[in-house]
Amino acid sequence: MATSANTTTPNTLLLKNPSIFKTSTSAFHAFPISKRLSISIKCSHSATVVAPPTQDRVFNFAAGPATLPENVLRKAESELYNWRGAGMSVMEMSHRGKEFMSIIQKAESDLRKLLDISDDYAVLFLQGGATTQFASIPLNICKPQDPVDYIVTGSWGDKAFKEATKYCKPKVIWSGKSDKYTGIPDFNALDQNSDSRYLHICANETIHGVEFKDYPTPAALLVADMSSNFCSKPVDVSKFGIIYAGAQKNVGPSGVTIVIVRKDLIGDAQEITPVMLDYKIHADNNSLYNTPPCYGIYMCGLVFEDLLAQGGLVEVEKKNIKKAQILYDAIDESNGFYRSPVEKSVRSLMNVPFTLEKAELEAEFVKEAAKEKMIQLKGHRSVGGMRASIYNAMPLAGVEKLVAFMKDFQARHG
Ligand SMILES: Cc1ncc(COP(=O)(O)O)c(C=O)c1O
């Protein structure tokens, strides 16, 4: 490979600094992925060092773990080996050291800014996914005999309800199952139990693509699973007793679960509550009761910084509306070639399921799209069809490329 004298590449760096072989491959990580070259160099002592190959990024439409903002990945890459002069990576730090303390505190304060979360709420960075919260919520805020209401607009709401049956007396007061989960109830027609401890909703059903655009007024508390639309738009947190979300869709990698809980709800957990599920334990210890998912929290912090830099959630929502609009328009204007099953007024801005009139072409659609570097478009195994998840980090260019592909596919197969 020809290299000019002044150009530094991984190759020249390695050749000029053979000691790098002895220590680590850190030199490669000083380079953005796009500039790395696939090389294989034999050293005199016969070790072989293979640099990562050049990897163009795909447009990843996965429902989660999902695509992350490219500038966040680049920043994490640049800080991976030696975080801001600490001499170690975030993965190696003590979770009680001053460096990590500064990371988690900044992440929390940026999230508070983003969602305008008042001091009446605790923000917890936990583990176990949103699935663990299906149990934690009734354990923390109910007694075993307490009635609670669930609105079930899709598979996740259903799972949350089923888990709650072990710890309180939940009732499904509305289910969209008979309509294959394509709608949201009329709030005025809801038959809420006046003694219900809380009303649970899944704010955005990731599999079915149904999103609450407004929220019902609960008899007591409103509790929402926001896993798949967390930080995708402004939310009036004061309307909720608890908001919870797995990070791996909109705000970070898997392994971090964020719980925003009104402080007066903390401290009265059922006796059987495992220590790891007790909000009081985590709130009293600022999410540092045990070893937290440090790197994941750091990544969430970078995403929060990025969302603030974009102008906050008002601006983020505008972008999300635009992306969803062009995708739904492409579906609606396809003369039935593509179909969205979801009732128009509650279509999700984040997860767009669609089917093909000719269902036998769906596998071909997914295969051809993957060849064009648009991956993970297959619908959830429980519903089939296709699904494009277009979270915050999916660039407009990704959706535009998908729409162009859909039109081309229709022209060829319509
Ligand atoms: C809306 C919603 N709730 C809960 C879950 C479960 O999350 P986890 O896998 O983090 O437990 C998911 C996962 O996709 C989801 O989309």
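Just so it is clear, none of the values below were taken in a lab; they were calculated from the coordinates. Source: prediction; values computed, not measured. Note that we place each Cβ from the backbone using ideal geometry, even for glycine, and neighbour counts take in every protein chain shown.
Computed from the Cα positions only, the extents of the range 94-309 along the three principal axes stand at 51, 39, 26 Å, in decreasing order.
Across all directions, the average flat footprint of the convex hull enclosing the Cα atoms of the chain is 24.0 nm². Considering only Thr182, Thr257, Thr217, the mean-square fluctuation computed in a Gaussian network model of the chain, springs between alpha carbons under 10 angstrom, is largest for Thr217. When each of Glu92, Glu372, Glu271 is scored by the number of other beta-carbon atoms lying within 10 Å, the sequence from fewest to most is Glu271, Glu92, Glu372. For the range 297-314, 3J(HN,Hα) computed residue by residue from phi via the Karplus equation (6.51, -1.76, 1.60; θ = phi - 60°) reads 5, 4, 5, 4, x, 5, 5, 4, 4, 5, 5, 5, 5, 6, x, x, 6, 5 Hz, glycine and proline entered as x.
Mean separation of Cα pairs under 8 Å and 6 or more residues apart, divided by the residue count, gives the range 231-333 a relative contact order of 30 percent.
Exceeding 24 Å between C-alpha atoms, which entries from my cross-link table qualify? They are Lys318/Lys358; Lys213/Lys358; Lys213/Lys263; Lys358/Lys378. As for pairs spanning more than 24 Å Cα to Cα, those are Lys318/Lys358; Lys213/Lys358; Lys213/Lys263. Relative to the longest principal axis of the Cα atoms of the chain, helix 70-79 runs at roughly 60 degrees.
Computed over the chain, relative contact order equals 19 percent, with contacts defined as Cα pairs under 8 Å that lie 6+ residues apart.
Here the simple spin-label model places points 7 Å from the Cα toward Cβ, and for Gln127 and Glu343 these points are separated by 4.1 nm. Here the 3J(HN,Hα) profile of the range 371-388, calculated from phi with Karplus coefficients 6.51, -1.76 and 1.60 at θ = phi - 60°, is 4, 8, 6, 10, 10, 6, 9, 6, x, 4, 4, 7, 10, x, x, 10, 8, 10 Hz, Gly and Pro shown as x. Using the Cβ-Cβ distance between Thr217 and Lys75 with R0 = 56 Å, the FRET efficiency computed as 1/(1 + (r/R0)^6) comes to roughly 0.85. Helix-only arithmetic for the chain: the sum of -39500 (n - 2.57) across DSSP H runs with n ≥ 4, divided by the residue total, places the mean residue ellipticity at 222 nm at -10000 deg cm²/dmol.
Neighbour counts of C-beta atoms inside 10 Å place Ser238, Ser194 in the sequence Ser194, Ser238, starting with the fewest. Inter-label distance, Lys180 to Lys318: 3.7 nm, where each label sits 7 Å from its Cα along the C-beta direction. Its Cα gyration tensor gives the range 270-383 an equivalent ellipsoid; the semi-axes, largest first and in whole Å, are 39, 20, 16.
Dipole magnitude for the chain: about 1320 debye, using +1 per Lys or Arg Cβ and -1 per Asp or Glu Cβ, origin at the Cα centre. Each of Leu377, Leu277 has some number of other Cβ atoms within 10 Å of its Cβ, and from fewest to most they run Leu277, Leu377.
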